[in-house]
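**Q** If you scroll down you'll find the structure; I have some questions about it.
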Amino acid sequence: MKKRLRKKLGVGEFEEMVFDFFAKVSDASNEEVFNKFLTAIEEADFCCEGTWDEEAVDLYVSTGLKNTDNEARKAKFMEAVAAISELSEVKASDLY
């Protein structure tokens with residue numbers, strides 16, 4: 001398969017790793033909590049989509065291409081999120 005087609009289909013070296021993220025929020029209306037979380041996402045250079053509602057955060061997080069240091073970046077992100085006191089029951093799946 002040609003490189004251009006592999007890139008288009010997201011296979012081989014172009015495959016992206018993802019994980020599921022969940023946390024309960026004690027004060028969802030606080031914009032500062034949201035900004036701290038976004039800063040952690042941006043510093044890890046992740047992309048995410050999902051929901052942030054009054055009770056919980058439920059996201060699908062893309063860590064980037066398969067051949068990058070995804071585990072270390074994920075661990076650093078989880079440490080930053082654990083420091084946000086308004087988030088509890090923080091859970092993340094394995095990379096897949």
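**Q** Testing Tyr60 on (1) in a strand (DSSP E or B); (2) more than 11 Å from the chain's Cα centre (by Cα), one condition comes back false. Which one is that?
**A** Going through (1) in a strand (DSSP E or B); (2) more than 11 Å from the chain's Cα centre (by Cα) one by one, Tyr60 breaks only (2).
**Q** Residue check: is Thr51 surrounded by fewer than 16 Cβ atoms within 10 Å (Cβ to Cβ), of a type in the set (S, T, N, Q) and closer than 18 Å to Ser93 by Cβ? Outline the logic, then answer.
**A** Numbers: surrounded by fewer than 16 Cβ atoms within 10 Å (Cβ to Cβ): yes; of a type in the set (S, T, N, Q): yes; closer than 18 Å to Ser93 by Cβ: yes.
Yes: the conditions hold for Thr51.
**Q** Another one. If Asp69 satisfies all but one of (1) without any contact (Cβ under 8 Å) to a residue 24 or more places away in the chain; (2) under 10 Å from the mean Cα position of the chain (by Cα), what's the number of the condition it fails?
**A** Single failed check for Asp69: (2).
**Q** Oh, and also: Name the residue that is farthest from the chain's Cα centre (by Cα), counting only residues in region 9-38 that are in a helix (DSSP H, G or I) and in contact (Cβ under 8 Å) with a residue 24 or more places away in the chain.
**A** Of all residues in region 9-38, those in a helix (DSSP H, G or I) come to 9, 12-14, 31-38.
If we keep only those that are in contact (Cβ under 8 Å) with a residue 24 or more places away in the chain as well, we get 13-14, 33, 36-37.
Details: Glu13: 20, Phe14: 18, Val33: 16, Lys36: 14, Phe37: 10 Å.
Going through the qualifying residues, I end up with Glu13.
**Q** Please verify whether Thr51 is among the polar types (S, T, N, Q) and under 26 Å from Asp27 (Cα atoms), treating the condition exactly as stated. Step through it out loud before you land on a result.
**A** Numbers: among the polar types (S, T, N, Q): yes; under 26 Å from Asp27 (Cα atoms): yes.
Yes, satisfied.
**Q** Also: So, in region 29-48, exactly how many residues are surrounded by 17 or more Cβ atoms within 10 Å (Cβ to Cβ) and charged (D, E, K, R)?
**A** Residues flagged as surrounded by 17 or more Cβ atoms within 10 Å (Cβ to Cβ) and charged (D, E, K, R) within region 29-48 amount to 1.
Here, each number is a calculation from the coordinates, and none is a lab measurement. Just so it is clear, the structure is predicted and the values come from calculations on it, not from any experiment. Quick reminder, even Gly has a Cβ in these numbers, built from the backbone with ideal geometry, and neighbours come from all protein chains shown.
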